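Read through the structure below, which is laid out as structure tokens, and then see the notes.
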Amino acid sequence: MDYEIETTMTLNGTQVTRRIAARTHLVDFLREEMGLTGSHAGCEHGVCGACTLRVNGDIVRGCLTLAVACNGKTIDTIEGVSDSGEAAEMQHAFHERNALQCGFCTPGMIMCAIDLVKNKPAAKREEIREYISGNYCRCTGYHAIVDAIEAVLISKQRLGGKS
Amino acid sequence: MSQDIVNSTTTTPVAPVVDRPLQAPGTRPQTGYIGKSEPRANAKRLLQGRGSYTDDLRFPRLAQVAYFRSPHAHAKIKKLDLSKARVAPGVIAVVDGYAVRDICSPWMGVLSHLKGIRSPLQFPLAIERARWQGEPVAAVVAETRAQAEDARDLVEAEWEELPVVVDMRDALAGQTVIHEELGDNICFHRELDTGEVDAAFAKADCVVEESYSFGRHTGVCLEPRIILADYNAGEHSLTVHHNTQSPHMMQQLFAKHFDIPEANIQVIAKDVGGGFGIKVHTYPDEMCTVALSIMLRRPVKFVADRMESMVSDIHAREHRVKIRLAADKAGNILAFDLDDLTAIGPYSVYPRTSGIEGNQVVNLTGGPYKHKQYRAKLDAVFTNKNVTCQYRAVGHPIAAAVTEGIVDAAAIKLGIDPAEFRRRNLIRDDAYPYTFPSGIRFEKLSHHKCLDKLLEIMDYPALRAEQAALRKKGIHRGIGLASIIEVTSPSAAFYGVGGAPISAQDGATLRLDVSGMVTVLCGVTEQGQGTDAIFGQIAATAVGVSLDKVRVLTGDTRVTPYGGGTWASRGAGIGGEAVLQSGKALKSNILDVAAAMLNVKKVTLDIIDNTIIDTTTGEKKLPLAEVGRVAYFRPDTLPMNFQSELTVTRHFVPREYAFTFANGVQGSLVEVDPDTGFIKMLKHWCVGDCGTVINPLLVDEQTRGGIVQGIGGAMFEECMYDERGQMLNANLADYLVPMSFEMPDIVTAHIETPTKTSELGAKGAGENGTAGAPAAIMNAINDALLPFNAKVRDMPFTPERVLKALGKV
Amino acid sequence: MKAPKFAYAKPATLPAALALLDQHGEEAKVLAGGQSLVATLNMRLSSPAILIDITGIAALSGISTANGKVRIGALTRHCDIERSAEIAKSVPLLAQAVGQIAHAAIRNAGTLGGSIAFADPAAEWPACMLAVDAEFIIAGKSGERRVQARDFFKGLYTTALQPKEILVAIEIPLLGAGYRSAFLELARRHGDYAIAGVAAIAKLDAGKFRDVRLAYLGVGATPILAKGAMAAIEGNAYSAEVVAAAQQALGRELDPIGDLYSAPPTKTHLARVLTGRALAAIAA
């Protein structure tokens, strides 16, 4: 019986191999083993969305993903999308509108928001609210977050229209 | 008045209020960044996942603790066998209450100014008896959290279950007493009577009475409580990384209960993932974690996971209230009569006590109105549920809901539009200073201006017309209003006078650095409200530098001036004023240096945009960096008898009033589906008066966040218990926090009535949203239900409760 | 909140998975999307000796149409169904329902088969499976067997699936022209398990309902096919009377279990309201 599995994943563009305890969820692995503390564990039962990150390009709950199940997969975290600049426009929009307070939900919210831009480029406020409805924020009233995402969508639509 | 008002007994006599402009007379008016929507500098790292929350810190030889908690609401610990847990892999120590008792002295959650409040001694781990489900009983320390949890599963306990008190009415009746030594279950009782309430009711043309109930809530900070205690036996020192709102208070408490000199204790709160009052109390598991670090002479970390947060973070707001209102036929409110019963769990929480929330309900009920007669009775009783204590907008949502609910009931009975009824009864804007029947004193509020503004931005008449038109089509919309008062920036009358080690004052240190930049250190802390950002704006404005030249540091007892931290919306009003005064003093000292360097009179100089200028010509004389360079590196070039002082500290504490009251009004538009009982919140409006608005961008979203938190209580949130005292929804799937989809867009606006008790003029802004939203929502729902002759009174307003009100189930 | 210790295996083929399952019996749990299982592990509500991760078995994924049936591999994720043009065209009920399942991040991991095997009575897919008259293909050591959705859901979180079996695929018969469907649910918050919901399908034949299927979620220990209500509608045109008859019949056949916030009468009431709305939607 294997309680620890050698696991190889492409983490923020870099291939890493570690022996990981089977029971370790992806957020704990990233935080404890890789020092990537940007993904937050807010509930560890898949409700709050603070641990939202990408596996093979799709957003998932990090706390409901076993790290060993990520063998051969591509993982992107808030650190990755920040360093690559992929999230820069969204982060700027969040900053401008104060779409965060304590910042604990923010990495998950940003991961969800940039996923929305990719999948629902024409979303209106109601659809934005629906898309981020799995990400809990206790500080803001969500209004500024919706504003920020909407601003990015509008800006992209304008650019799209010009090209 | 039959009894003194607890919170205002020690206020100083009224000092003459003088008009103090932002700048000293004769200097150039400069508002700089005050009132500007500047994005927060410290938000950028959070947006990139590069915050430093307590759980992000890494320490050598760190041990982690998991707590074995009572599975019963009330039970005797017959046997606690830790032997199997002790030999589990990775385990460092497993301890019970007796072991920890020797290291951490017990505490008692009472304060002398809450007359008669009682609570038993409380220990870090339960000894002999557990009194709520979730009370920590044993601590398991291991190399990893997973190992600690594995070993915890091996703790064997034998229990003798005892009768439980779950319902607050049973607690009051006292058939079963939780603490035998106290004789009954009453923690705190208060009565207040202006003396002629019965006479007012006797002559009233209109008397209305309602009973309301409020579910238990908890704060659900997304970042749970975390403490990392690092005791160093070599120097008998303690470093605590703690996501607390109040580092200096915790320093005091650690010093007292662990018998370590205060100066040997450093409490550090870096980034904190939300507070809302949850992180400002003494928690047994946190105290135990410190004790474990002392016992084991190594760093020990405790992270409250979400499930244990739900049964150990303070709860709040469980009330049953009966309220009566008397009015004359002209629509003047004559009197309120309040009876509030609240359940606080088995202990009054230390050091703030669990009596304050009910006390606030007594103080604040009827608060916006000009009636003269008021009677109130409060009982705060012990129950075998988790403890309750101060949570955002302490007592306000209860007071506002019962007040605004009964005000609407009176308006309806009298046939007066709710907006018009409020206009007739709100304290006039020119009637201040005003002493309210409960004894609290208002410096200056703006209920009428706020209401006028609200009705304007809502377009109230158009909404009413639309409502009437839609009703004919079977669409049932409701409009609700709620005026509120808001306790902010408290003086020492809140806690200090009762003996709590809680600072009402706060200090700020400002330093000019060599490069001409300004460093700000303040005792107020940041949990995301934007404290650091507004301190930067105030400092930049006061000194005359641009915002990019200011750095702010908070949350470290070893570095910042002594202060109370963040609670009761005191950051801007108290900390902000300290920063302002410190900034003015620093500016003056900088000008002294510049005058010496330039050999001119100081009055001819000013600092604008990082530059010393000649006020008479406007000519740029020196960059601030040059002042820094000379003061620090070339003091030899300054006059022999001159010493530059480029680090200054100033403190501030409100004294003229017990509280710096703020006020506001909210409007809610909802649509009720009478077939399903579902309620859609269509839009929400809020006009707040927090005095000087330092940063509208921050105030607006904090207000919205407060409103959403209030909506949570009104619509979704409740800690549910069964008859055995088991919490039924202690997880985030079943405890329903407000999420984005159901929340409305929220329109905000401001009236600014600066307080004259400070130069900055800022009042608090953090409670307003949470205080008024439940009342506005309830009134909107009941407005929608009016044609059905139905009414809801019990929060949260679940579809089932709406359907029951409609007689459909 | 850390999961207890368990072992992990990721077989590449179905026989290998079945062999592991056979070896470990009830000590093993099958891991598909993990959206319910990992949560229960983290909460220590479940402590298997080994997790058998079947997501490496390629044959268990995918959507295809043949012989009048749409076959959906058990490992097909909710998001795959959401994005499938084939599903939208052939089994529109599933497309109508999928957006109600939790949130994007969950739909990207959770699977159709996992949801069916977990059999939460308040979940969307089990009720939809009843309405579309699905057939489940189940593999065991001794080969494959087929179970009708209508025979599959036995009780609260219990199904016809035996401990050593794996749900392999779902087959849904294609419906001819004239069929319409509606999926309605009432959840306190978007994405939550619903208080009550209905998956409705009927053929509208000259204005009359034919082959009516009404499957309910959240109102019992299993998803419930409301045969009484269906019979009350069958062959009738949409009218207030027909709706009332269906609602009345529904009240007789539902025996809901209350949840934290809604007692049985509320659930029955809401199921009746949804019935009316679903019929109106189909008739519209």
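Using only Cα atoms, figure out Rg for the range B:204-333 and give it as a multiple of 2.2 N^0.38 Å.
1.55
What ratio of Cα Rg to 2.2 N^0.38 Å holds for the range C:157-198?
1.75
Work out the P(r) tail for the range C:89-233: percent of alpha carbon pairs separated by more than 17 Å, whole number.
60 percent
Would you please report the Å³ per residue occupied by the convex hull of the alpha carbon atoms in the range C:179-283?
Here the figure is 83 Å³ per residue.
In peptide A:142-152, what is the residue-averaged number of other protein chain Cβ atoms found within 10 Å of each Cβ?
That average works out to 4.
Taking only the C-alpha atoms, wrap a convex hull around the range B:388-450 and report its volume per residue in Å³ as a whole number.
117 Å³
At 1.567 mPa s and 4 °C, plugging the Kirkwood radius over alpha-carbon pairs of the range B:90-142 into Stokes-Einstein gives what diffusion coefficient in µm²/s?
For the chosen part, D equals 101 µm²/s.
Using only Cα atoms, locate the centre of the range B:56-133 and the centre of the range A:1-74, then give the distance between them in Å, rounded to an integer.
33 Å
For a quick size check, give me the Cα extents of the range C:157-232 along its three principal axes, largest first, whole Å.
47, 32, 24
Calculate for chain B the 222 nm mean residue ellipticity that helices alone would give, adding -39,500 (n - 2.57) per DSSP H run of length 4 or more and normalising by residue count, nearest 500 deg cm²/dmol.
Here the helix-only value at 222 nm equals -8000 deg cm²/dmol.
Evaluate the Debye formula for the range B:344-481 with equal point scatterers sitting on the alpha carbons, no solvent, and hand back log10 of I(q)/I(0) at q = 0.17 Å⁻¹, in q order, two decimals.
Normalising to I(0) and taking log10 leaves -1.02.
Limiting things to C-alpha atoms, what are the Rg and the maximum Cα-Cα separation (Dmax) for the range B:491-587, in angstroms?
Rg, Dmax (Cα atoms, Å): 13.2, 46.
Treat every Asp and Glu Cβ in the range C:179-283 as -1 and every Lys and Arg Cβ as +1, leave all other atoms uncharged, and give the resulting dipole magnitude about the Cα centre to the nearest 20 debye.
So the magnitude is around 160 debye.
Just need log10 I(q)/I(0) for chain C at q = 0.10, 0.13 Å⁻¹, Debye formula, equal scatterers on the alpha-carbon atoms, no solvent, rounded to two decimals.
Taken in order of the listed q values, log10 I(q)/I(0) reads -0.52, -0.86.
Assuming 0.36 nm per residue, please report the length gained on full extension of the stretch B:R101 to B:A733 beyond their Cα-Cα distance.
Full extension from B:R101 to B:A733 adds 223.9 nm.
How many angstrom lie between the Cα centre of the range B:725-745 and the Cα centre of the range A:88-163?
22 Å
Report the C-B buried area as the accessible area lost on both sides summed, probe 1.4 Å, in Å² to the nearest 100.
For C against B, buried area totals roughly 2400 Å².
Can you give me the P(r) profile for the protein assembly as shown? Cα pairs, bins 10 angstrom wide beginning at 0, each as a whole percent.
All Cα pairs considered, the percentages come to 2, 9, 17, 22, 21, 16, 9, 4, 1, 0, 0.
Can you give the helix-only mean residue ellipticity at 222 nm for chain A, where every DSSP H stretch with n ≥ 4 adds -39500 (n - 2.57) and the sum goes over all residues, rounded to the nearest 500 deg cm²/dmol?
-10500 deg cm²/dmol
In µm²/s, what is D for the range B:700-809 at 10 °C and 1.306 mPa s, where D = kT/(6 pi eta Rh) by Stokes-Einstein and Rh is the Kirkwood radius from Cα pairs?
Taking Rh from Cα pairs, D becomes 98 µm²/s.
If a paramagnetic tag sat 7 Å from the Cα of B:T176 along the Cα-Cβ line, which residues of the range B:372-404 would have the backbone N under 13 Å from that point?
It comes to B:383-385, nothing else.
Which whole-number value in Å³ per residue fits the convex hull of the alpha carbons of the range A:87-162?
76 Å³
Which percent of the accessible heavy-atom area of the range A:7-163 goes to carbon and sulfur, probe 1.4 angstrom?
47 percent
Would you mind working out the magnitude of the charge dipole of chain B relative to its Cα centre, with +1 at each Lys and Arg C-beta and -1 at each Asp and Glu C-beta, to the nearest 20 Debye?
In total the dipole reaches around 1160 debye.
Other chains near B:305-315: what is the mean number of their Cβ atoms within 10 Å of each residue's Cβ?
Per residue, the average neighbour count from other chains is 3.
Across peptide A:52-60, what mean number of C-beta atoms from other chains lies inside 10 Å of a residue's C-beta?
If you average over the peptide's residues, the count of other-chain Cβ atoms is 4.
Can you give me the P(r) profile for the range C:63-173? Cα pairs, bins 5 angstrom wide beginning at 0, each as a whole percent.
Values per bin, smallest distances first: 2, 13, 24, 28, 19, 11, 3, 0.
Please report, in whole Å, how far the alpha carbons of chain B spread along each principal axis, starting with the longest.
Each principal axis gives a Cα extent; for chain B these are 85, 74, 50 Å.
Given the pairs B:K377/B:K413; B:K322/B:K370; B:K203/B:K808; A:K156/C:K89; B:K472/B:K683; C:K10/C:K141, which are separated by over 27 angstrom at their Cα positions?
Over 27 Å Cα-Cα: B:K203/B:K808; A:K156/C:K89.
With no solvent and one point per C-alpha, what does the Debye sum give as log10 I(q)/I(0) for chain A at q = 0.08, 0.18 Å⁻¹?
-0.24, -1.05
From the alpha carbon gyration tensor of the range B:167-231, can you work out the equivalent ellipsoid semi-axes (sqrt of 5 times each eigenvalue) and give them in Å, largest to smallest?
39, 22, 15
Throw me the Rg/Rh for the range A:4-77, computed over C-alpha atoms with Kirkwood Rh, two decimals.
0.92
At B:R424 and C:D22, where each label point lies 7 Å from the Cα along Cα→Cβ, what is the point-to-point distance in nanometres?
The two pseudo-label positions are separated by 8.5 nm.
For the range B:147-265, how big is the tail of P(r) above 21 Å, as a whole percent of Cα pairs?
Of the Cα pairs, 73 percent sit more than 21 Å apart.
I'd like the distance between the alpha-carbon centres of the range B:549-577 and the range B:506-539, rounded to an integer number of Å.
Taking the Cα centre of each part, the range B:549-577 and the range B:506-539 sit 8 Å apart.
Please state, to two decimals, what the Cα-based radius of gyration of the range C:7-53 comes to when divided by 2.2 N^0.38 Å (N = residues).
Dividing the Cα Rg of the range C:7-53 by 2.2 N^0.38 Å gives 1.11.
Taking loop as defined by DSSP and a crowding limit of 15 other beta carbons within 10 Å, which trypsin sites (Lys or Arg not before Pro) in the range B:294-355 fit?
Here the trypsin sites (Lys or Arg not before Pro) that fit, given the DSSP loop and packing criteria, are B:R297, B:K329.
Show me you know the interface measure: the accessible area buried between A and B, both chains summed, probe 1.4 Å, in Å² to the nearest 100.
Adding both sides of the contact gives about 4200 Å².
The values are calculated or read from the model by the stated rules, or taken from the named source; none is laboratory data. Since we're looking at a predicted model, the values are computed, not measured. Backbone-built Cβ (ideal geometry, glycine too); neighbour counts: all protein chains shown. Accessible surface is based on the protein model in full, side chains and every heavy atom, while ligands, DNA and RNA are left aside. Shrake-Rupley method; radii C 1.70, N 1.55, O 1.52, S 1.80 Å.
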